[in-house]
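Q: What follows is a single structure, and I will ask about it in a moment.
The numbers here are math on the coordinates, done by the rules we state, and not lab data. Note that the coordinates shown come from a computational prediction; the quantities given were computed from them, not determined experimentally. Here the Cβ positions follow ideal geometry from the backbone for every residue, glycine too, while neighbour counts run over all protein chains shown.
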Amino acid sequence: MKFGTGIGIVISCVGIAMGATMEGTNVAVVINIPAMLIVLVGTLGATIAACGLPVHIRLPKLYMKALMPEDLDLVGRVNELVGFADQARRDGLLALDEAVKGIEDPFTRKGIQLVVDGTDPDLVAAVLDAENEAMRKRHAAGRAPFMQAGALAPTMGIVGTVFGLVNVMNNLNQPSTLGPLIAAAFLATLIGVGSANCVFLPVANRLKELSEAEMHFREMTLEGVLAIQAGDNPRVVAEKLMAYVPPGDRPTEEEQEAAKAAAKQAA
């Protein structure tokens, strides 16, 4: 589901809030500015120190990517590549020169352009594999702050709790204030553990899954580009690429024929 991450975070927070309310706790007490400053700002500073500032500038985009990811149309990409294979088999690889201009995906466009230019198949695979490796490293760097925050936030919570308990010890001569002070001290731990397990770690894992899905998408595209260059029969290309599509998402034979007809007409 496209919005699964956001829905999951909301369900988690609502479940925790409802359980706390049923036990008689006022969930509004979580809005404790000193504890939030220690945990959230402290975690932010520590992750900047660990991962660098440039990746943190992109954090809003990374959150949006995790919450509202782009759809990867595997079947659509298969039909597109099969259409190129059919056109290349009928008219030759050079016939794809005009089609390259209309390809929106930069990775596919680069692959088809290399094929049209007569690049050696091994070199085509090497260039596209290098693109994939570079993307994998970018994605790993993008999710690193979330992994670090997930590891550091609980520790920052303990730091906040220790500060709170120090304040408790300083006020032992005022027994009436000890209860609220102790409760406030443990709020830092709650915020640290809650933010790590409800936000930071789930977002990091979601970004990892999205990266793997995009890598799978690109591997299928690379397989199709090489099949086009080899002059494989379009039907063979379709069968080869459909192996990358989950069985439940594979179109029926009638739908495949309709897609092929539409691709021929577009070509």
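Q: When the gyration tensor of segment 1-76 is built from Cα positions, what are the square roots of 5 times its three eigenvalues, in whole Å, from largest to smallest?
A: 29, 24, 7
Q: Once you put a point 7 Å from the Cα of Val127 and another 7 Å from the Cα of Met68, both along the Cβ direction, what distance in nm separates them?
A: Once both label points are built, they end up 3.5 nm from each other.
Q: If I fit a long axis through the Cα atoms of helix 121-170 and take the longest principal axis of the Cα atoms of the chain, what angle between them do I get, 0 to 90°, rounded to 10?
A: It works out to around 10 degrees.
Q: Let me ask you something else. Would you calculate a helix-derived [θ] at 222 nm for the chain, using -39,500 (n - 2.57) for each DSSP H run of n ≥ 4 and dividing by the full residue count, to the nearest 500?
A: Using -39500 (n - 2.57) per qualifying helix, the result is -25000 deg cm²/dmol.
Q: While we're looking at this one, here's another question. Can you tell me the length gained on complete extension of the stretch Met135 to Lys61, counting 0.36 nm per residue apart and subtracting the Cα distance?
A: 25.0 nm
Q: Please compute the length gained on full extension between Gln174 and Asn233, using 0.36 nm multiplied by the number of residues separating them and subtracting their Cα-Cα distance. Each step should come with its number before you reach the end.
A: On the way: separation 59, 0.36 × 59 = 21.24 nm, distance 8.52 nm.
So the chain would gain 12.7 nm between Gln174 and Asn233.
Q: Show log10 I(q)/I(0) for segment 59-102 at q = 0.17 Å⁻¹, two decimals, from a solvent-free Debye sum over equal Cα scatterers.
A: -0.61
Q: Could you check how many percent of all C-alpha pairs in segment 71-154 are farther apart than 14 Å? Intermediate results must be reported in sequence, preceding the final value.
A: Values: 2541 of 3486 pairs.
That tail contains 73 percent of the Cα-Cα pairs.
Q: Expressed in whole Å with the largest first, what are the equivalent ellipsoid semi-axes of the chain derived from the C-alpha gyration tensor as the square root of 5 times each eigenvalue? Mind showing how you got there, number by number?
A: Working: eigenvalues 597, 80, 25 Å².
Output for the chain: semi-axes of 55, 20, 11 Å.
Q: Based on the Cα coordinates of segment 31-172, what is the per residue volume of their convex hull in Å³?
A: 141
Q: Roughly how many whole Å is it from the C-alpha centroid of segment 92-143 to that of segment 4-72?
A: If we compute the Cα centre of each part, the gap is 37 Å.
Q: A further question follows. Stretched out fully, how many nm does the piece from Met215 to Ala183 gain, at 0.36 nm a residue minus the Cα gap?
A: Length gained, Met215 through Ala183: 6.8 nm.
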